[in-house]
Amino acid sequence: MTTGSSALQGVWVDVLMPLHPDLTLHHSKLITHIRTLAVKGIQGVVLFGPAGEGLSFSATERLQAVKQLTTHGVSGRDIVLHAGFSSVAETVEVIRQANALGLKGCIVRPPRSEDEPTQEGLAQFFNQVADLTRGISTHLYLASPYRAGAPDLKPYVVNEVVSKHPGAYAGILDQTRNASHMQDSLRLYSAQLPVYTNDELQAVVLGKLGLHTSVSSWANLIPSVMTTLVSPPSATKLSVAGNAIGTDDGPLLHLARMLMGLPEVPALKYLMSIHYHDADWLRVRPPLFELLPQSQENLLKDFKKHFPSGGKP
Amino acid sequence: MDIGTLWYLIERDKLHRVVTAEEFEQLEPDTFTLHQVFDNRREALHEMIRLVQTAVDEVSHQVDEKTNARPHSK
C-alpha cells in the first residue's frame, strides 16, 4: 500500500480500459482487472494515460470511473489520474474533484492547441493550474506529451513553474519513450523534482541507478515481471550464488520487439483479451482501431514463444 | 495496494476453482495460475462459468474443424 508521500515508488500501471460494445467504460471489468494487478504486486494505478486512451475520455467519464473504483474499495491513495485538458478550467475542476475523492495525484500535461503555443504561454498554463489548486492534498505531476509534435516541457517552463510555485508540482513524468529525451529530463530537472518514465526499458535502467519507479502500460499484461525488475535489490529473491533472480530485462526486450511497428494500445488489448479469454478487451475507442487478424496472429505467436507462462517472471 | 476482502479465481490441475483469501494464501506457489480477483463470490463464480463455457466452445470448434477436414469415405 502506498503512503502519504508525494513520491511514486514501485510499479504504477497505466491501466488499459475495458469497454462495452457501445464503447462506454466497463466499470466492473476495470475494477476486477485492478484488483488482480494489486494481488500481483503493483503499487498503484494511473488512470486515463496513454494506455488508458485518456484523450478519448471526458472529464465526467474519468471522474465517474474514479468514483466507481473508490466505492468498490480501491483506495484513492493508490490512484493517480490524468487530468490533462486543453482548458485550465476543466483541468482545475478535475483536480479539485480528484482531491475531494482522496486521490494521490493528478498528472497535468501541456494543453493541446490549434496554434503553436509559446513557452511563456505553457508556463502560464501550469502556473494558473497551480494557483487555482493551492492547498489541495492531491499531488500534481507535470508530464511531457507522449507523441512528438505536441508542445514539449522545456527547461524555461519547468524552471518558471517551479520557481513561482515551489512545492506545487511533485514530479515530472517523461512520457516520450525516448531514451535521449529521458536523459535530458534527468539532467535538467532531477535536482528540482523527481523524474519518472513510462518507458519500461528505461525504468529498469533507472532501477539500477536506485530509482525504483515505473509508470507502465506493459504491467497490465506482465505485472509480476515489471514488479520484479523495478523492485530494489533487497526485495528481489537471490539465487544460491547470490545473484538476483528474475532481474534479466530480456523479456522486456522481447516485448518491445513484438510491439514495434504496432499500435501499442490495440496490441496490448489484444493480448489482454487472450490472457483473460475475453473478447471484450479487444475494443478500443476511435480513432484507434483493433489489430488486423494477421497482426494478431503474429503477435500471439511471438508472445507465446517468449512468455510461455503468460507473463510470470 | 489495499483492496479489501477478495475471492480468487484460479486454475489448478486444469480445473478452475474459486477460493477465499485464506485458501489462496495456503496454496503452494507455482502449483496454480491466478486468473482474476473479485470482491464477491457470485462474480467470481460467474466468471468461472464463462471461462469453462469458453473452453468447451473452443474444444467443440476444434473437433468440428478436424471432422470437416477428414476425407469423406463413400
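The values are calculated or read from the model by the stated rules, or taken from the named source; none is laboratory data. Predicted model only: the values in this text are computed from it and were never measured. Ideal geometry is used to build each Cβ from the backbone, glycine not excepted, and the neighbour counts take in all protein chains shown.
The requirement of being within 11 Å of another protein chain (Cβ to nearest Cβ) and modelled with pLDDT of 95 or more is satisfied by A:Asp78. For B:Val37, are the conditions met, namely being more than 10 Å from chain A (Cβ to nearest Cβ), buried (at least 16 other Cβ atoms within 10 Å of the Cβ) and not in a helix (DSSP H, G or I)? When the stated conditions are applied, B:Val37 does not pass them. Of everything in region A:46-76, what is in contact with a Leu (Cβ under 7 Å, 6 or more places away or on another chain) and β-branched (Val, Ile, Thr)? Give them in sequence order. The answer is A:Val66, A:Thr70. B:Glu23 meets the conditions (1) over 20 Å from A:Leu69 (Cα atoms); (2) not in a helix (DSSP H, G or I) in every case but one. The failed one is (2).
Among the candidates A:Gly44, A:Gly52, single out the residue that is crowded, with 19+ Cβ neighbours inside 10 Å and over 17 Å from A:Met272 (Cα atoms).
Testing whether each residue is crowded, with 19+ Cβ neighbours inside 10 Å and over 17 Å from A:Met272 (Cα atoms) leaves just A:Gly44.
For A:Val92, the conditions (1) part of a helix (DSSP H, G or I); (2) within 14 Å of chain B (Cβ to nearest Cβ); (3) closer than 22 Å to A:Pro110 by Cα; (4) β-branched (Val, Ile, Thr) all hold with the exception of (2). For residues that are within 22 Å of A:Val74 (Cβ to Cβ) and more than 10 Å from chain A (Cβ to nearest Cβ), scanning just region B:1-21, find the one that is nearest to the chain's Cα centre (by Cα). For region B:1-21, the residue satisfying everything is B:Ile10. Residue pairs whose Cβ atoms lie under 6 Å apart, sitting 6 or more positions apart in sequence or on different chains, and linking a residue in region A:32-48 that is farther than 14 Å from B:Tyr8 by Cβ to a partner that is charged (D, E, K, R), are A:Gly44/A:Asp78; A:Val46/A:Asp14; A:Phe48/A:Arg62. For the condition of a type in the set (Phe, Trp, Tyr), crowded, with 17+ Cβ neighbours inside 10 Å and in contact with a Leu (Cβ under 6 Å, 6 or more places away or on another chain), A:Tyr141 qualifies.
Going by what's in this entry, would A:Leu8 be described as more than 15 Å from the chain's Cα centre (by Cα) and not in a helix (DSSP H, G or I)? Explain how you work it out, then say what you get.
Working: more than 15 Å from the chain's Cα centre (by Cα): no; not in a helix (DSSP H, G or I): yes.
Answer is no for this residue.
Considering B:Ala55, B:Ala44, the condition of being within 10 Å of another protein chain (Cβ to nearest Cβ), within 9 Å of the chain's Cα centre (by Cα), surrounded by 11 or more Cβ atoms within 10 Å (Cβ to Cβ) and part of a helix (DSSP H, G or I) is satisfied by B:Ala55 alone. The residues of region A:18-74 that are more than 14 Å from chain B (Cβ to nearest Cβ), of a type in the set (S, T, N, Q) and in a loop (DSSP other than H, G, I, E, B), listed by number, are A:Thr24, A:Ser58.
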